[in-house]
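Report on the structure given below.
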Amino acid sequence: AQVDPQYKTLVLEALAYQLVLNTQTQEAQTYVEQYQREGGQMTTFLEGYLSTAPGGLKEDDTYRIGVMLPLQLQEFTGSFGDKIPVGGKDALDFFEGFDLAIKEFESVSGKKVFLKVLDTRGDTFEVKYRLRSMEVFYPDMIIGALDRASKPDVTRMIASWTEEKQIPLMIPRLPFQEFIESSNHTFLAHPSIYTQGAMMAQFAYDSLNV
């Protein structure tokens with residue numbers, strides 16, 4: 001049966017998704033190549049999803065980064081979700097800075113970064129569910145999870161998963177040595193007071209003209 005041209009891309013994306021899930025990456029790649037020969041345009045989804053699938057279109061200039069933060073999106077209120085929940089403000093502030101850094105990295109390096117951002121809600125049950133989705137993303141690295149220092153359960157769960165999958169995990173703002181003592185794939189991103197001061201001074205010089 002012929003597929004209506006306006007739906008061809010959508011059908012291909014759904015087909016490629018299912019084939020990769022079934023470890024049929026080469027078959028998915030064949031369909032995509034045929035689609036391109038017929039004049040079809042690659043979409044962001046196809047480029048991102050197939051770029052690092054096992055046996056797929058992985059290129060040296062492509063990275064996939066999973067971001068797991070307690071965004072607390074379920075608590076957004078207001079007519080347009082414009083009132084930021086208190087519990088998610090730190091995570092949103094962090095992601096805004098991280099996203100800017102990624103865009104700068106792409107512009108300088110010429111490399112493409114695909115992000116998958118998941119809301120942990122600060123809850124281990126939510127994380128257990130979300131990790132299933134992260135697994136089929138085939139991340140090169142995970143960033144997370146901005147737990148409270150008094151209750152790092154979510155970060156501990158993510159660290160256990162990344163260690164099992166042998167995926168690097170970068171933990172920001174949580175200076176707990178326990179996460180790296182018995183791990184080969186977990187790293188702490190906790191700048192020293194000196195580094196933080198130098199960064200603030202540079203920001204003031206560059207942006208505030210002081």
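The values are calculated or read from the model by the stated rules, or taken from the named source; none is laboratory data. From a predicted model like this one, the values you see are computed outputs, not experimental measurements. Cβ coordinates were reconstructed from backbone atoms using ideal geometry, including for glycine residues, and neighbour counts include every protein chain displayed. Accessible surface is based on the protein model in full, side chains and every heavy atom, while ligands, DNA and RNA are left aside. Shrake-Rupley method; radii C 1.70, N 1.55, O 1.52, S 1.80 Å.
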Considering region 177-187, residues that are open to solvent by less than 60 Å² (accessible area, probe 1.4 Å) and either touching a Lys or Arg at 6+ places or on another chain (Cβ under 9 Å) or in a helix (DSSP H, G or I) (or both), and then whichever is modelled with the lowest pLDDT, we arrive at Phe179
If you take the residues in region 125-135 that are exposed (fewer than 15 other Cβ atoms within 10 Å of the Cβ) and touching a residue at least 12 places away in the same chain (Cβ under 8 Å), which one is nearest to Ala159 (Cα to Cα)? Lys128
Please go through (1) at pLDDT 75 or above; (2) open to solvent by 50 Å² or more (accessible area, probe 1.4 Å); (3) within 17 Å of Ser133 (Cα to Cα) for Asn22 and return the number of the only condition it doesn't satisfy. (1)
Scan region 86-143 residue by residue and report those that are among the polar types (S, T, N, Q), assigned to a helix (DSSP H, G or I) and touching a helix residue (DSSP H, G or I) at 6+ places or on another chain (Cβ under 9 Å). Thr124
Residues of region 44-57 satisfying the condition of being surrounded by 15 or more Cβ atoms within 10 Å (Cβ to Cβ) and either at pLDDT 70 or above or assigned to a loop (DSSP other than H, G, I, E, B) (or both): Leu46, Glu47, Thr52, Ala53, Gly56, Leu57
Going through region 140-165 one residue at a time, which ones are of a type in the set (Ser, Thr, Tyr), crowded, with 17+ Cβ neighbours inside 10 Å and modelled with pLDDT of 90 or more? Thr162
Selection from region 80-124 of residues at pLDDT 85 or above, among the β-branched types (Val, Ile, Thr) and open to solvent by 40 Å² or more (accessible area, probe 1.4 Å) yields Val117, Thr124
